Each structure stands twice: as structure tokens, then as C-alpha cells.
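Beneath this line is the structure, given in C-alpha cells, with notes to follow.
The values are calculated or read from the model by the stated rules, or taken from the named source; none is laboratory data. Everything numeric here is computed off the predicted structure, so don't read it as measured data. FYI the Cβ positions are ideal-geometry reconstructions off the backbone, even for glycines, and counts take in every protein chain you see. Side chains included, ligands, DNA and RNA excluded: accessible areas come from the protein's heavy atoms. Shrake-Rupley method; radii C 1.70, N 1.55, O 1.52, S 1.80 Å.
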Amino acid sequence: MPVALVTGASRGVGRGVAIGLVNAGFKVFATGRSILTAELPEPVVRTRCDHLRNEETKAAFARVATEGGELDLLVNSAWGGYERMVEDGRFTWPLPFWEQPDHRSTSMLDAGVRAAFEACSEAAPMMVRKRRGLIVNISFWAARKHLGNVIYGVAKAATDKMSSDMAHELRPHGVTVVSLYPGLVRTESVLLAAQGGWLDLSNSDSPEFIGRVINALAHDPALMERSGKVLVAAEVSAEFGISDVDGRKPRPLALETL
């Protein structure tokens, strides 16, 4: 049974990925600050972890080594950037950088990029030892186009560069690293924002859809050829014939129309 660790799996994309991977036959270890009360299938191994604390990240991976034996897949989904998009009835997401609330940079850069870096640093030795493995860093189109706010773009661009450079260093060891762009995912925070009429969900993804896409990647015989690249979830799903949980096949987002 392949072993996966999904960070930030208490809710949102991470929770959906954990569910998708369990359904695909993975032994899934899931982390998050509120993971113990998250709505997840019984087989998921839950480890409470605040990825802002390196010692807790190390402990989570130590548990994988003890109970899982090895690690085949790491999905970095820990991210607080979509929290509190609406504050006191005001949609603060698109404010200019000098008016952005302080919590947004912490949520995106520390709980997002830095946390992913630390998780990769723990996963890499485990994968290098067996000369195989896949690391998926959840990213988004904000790396390529201004979408909403400056901090968002900085965080996603950093994630893509991190994936590319890590792929370069891990390639000789047989380990693949990619950035994966979901579409608009119906997470709890996104659904809340949509209630105010700020988001159009007509071409959106379920969180579980991303788990299905990652499972397909993990079983791709030509996986190493993708290492260092930015992958679009809807394009990968079309390649492998993957449908969302409702049977729909989301259309890939286009940079010019985002």
C-alpha cells in the first residue's frame, strides 16, 4: 500500500486530497491544527500539527517513518491564505498591498511557503533513500498574473520556484517535484465568499477532485518527465479521463480570462 502525507488536511483542498487518496488505496497520514476533529474517513491517520512550528513538522514525519515505514507521496496543502477573506462584512482580499491585513502575509508566506519548504526538507531524505517519490506543492495562477493581491502572487510564485529548484536537486535521486494548479475549488472559505456574490462557481472543482488528479500522477509511468513543471489539474484530468465527484469535467482555466 503506497503511503502519503497530506499537510493542511483539516479542511479545504488538503481535506479533499486526503479523501481522494484514501479512496484510491493510499495509507494517508494527515496533518493540521484541527485535524483531530476534521471530517475524514476512518482510515486516515491524523496528526495534530501546526506547520509554523518546525518541531511539530518533524514529529509528524517521524510518525510516518514509524507507522508507515516509508513515504511515497507528500502533498503540501497547508495554507491559511483563504481564511478571513471577508472581515466585518468587507471583502478584504483585493485591497492594495499597503492596506492588506497583517495576518494575510503570515498565512501565505509562513504557513504556506515556509511550511511547505520544511515539509519537503523532511520528506526528501525518506524518498532519496529509496530513490523514488513524488512531492506535490499546491500552487495557483497568481504566480503568473495579478489575482486579488500582491501577497498572493508572491507566495505562489515562490512555491513554483521552490518546486522547480527542488526538482533539479532531486532528479538524480529519482524523486519528482511538481507544482499543481487547481481551478477554483469549493473550499469552505470560497463557498463563504461566493455567498456574497464575489465569486462565480460555475466552473469550479470539488476538493476531492484534486485528490483524484494527484492519484493519477502518482501512478503515471512517465512521472519523472513532469518533474519541475507546473501542472494544471484540469489539464491532467483531461489527459487521464478523470471526472469530478459529480461527474463533471472542469474546464482548464485560461490565463487571459482569469
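For Trp93, indicate whether it is open to solvent by less than 70 Å² (accessible area, probe 1.4 Å) and either β-branched (Val, Ile, Thr) or within 27 Å of Pro125 (Cα to Cα) (or both).
Answer is no for this residue.
Can you name the number of the only condition in (1) touching a strand residue (DSSP E or B) at 6+ places or on another chain (Cβ under 9 Å); (2) closer than 20 Å to Thr257 by Cβ; (3) at pLDDT 90 or above that Ala123 fails?
(2)
So which residues in segment 119-138 are under 17 Å from the mean Cα position of the chain (by Cα) and open to solvent by less than 10 Å² (accessible area, probe 1.4 Å), if there are any at all?
Ala119, Cys120, Ala123, Leu134, Ile135, Val136, Asn137
Tell me which strands (runs of 3 or more DSSP E) are completely within segment 19-88 and hold 2 or more residues being buried (at least 17 other Cβ atoms within 10 Å of the Cβ) and of a type outside the set (Val, Ile, Thr), or say none if there are none.
27-32, 73-76
Yes/no per residue for (1) farther than 18 Å from Trp79 by Cα; (2) modelled with pLDDT under 90; (3) surrounded by 21 or more Cβ atoms within 10 Å (Cβ to Cβ):
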{"position": "Phe140", "(1), (2), (3)": "no, no, yes"}
{"position": "Lys145", "(1), (2), (3)": "yes, no, no"}
{"position": "Pro172", "(1), (2), (3)": "yes, no, no"}
{"position": "Glu188", "(1), (2), (3)": "no, yes, no"}
{"position": "Ala193", "(1), (2), (3)": "no, yes, no"}
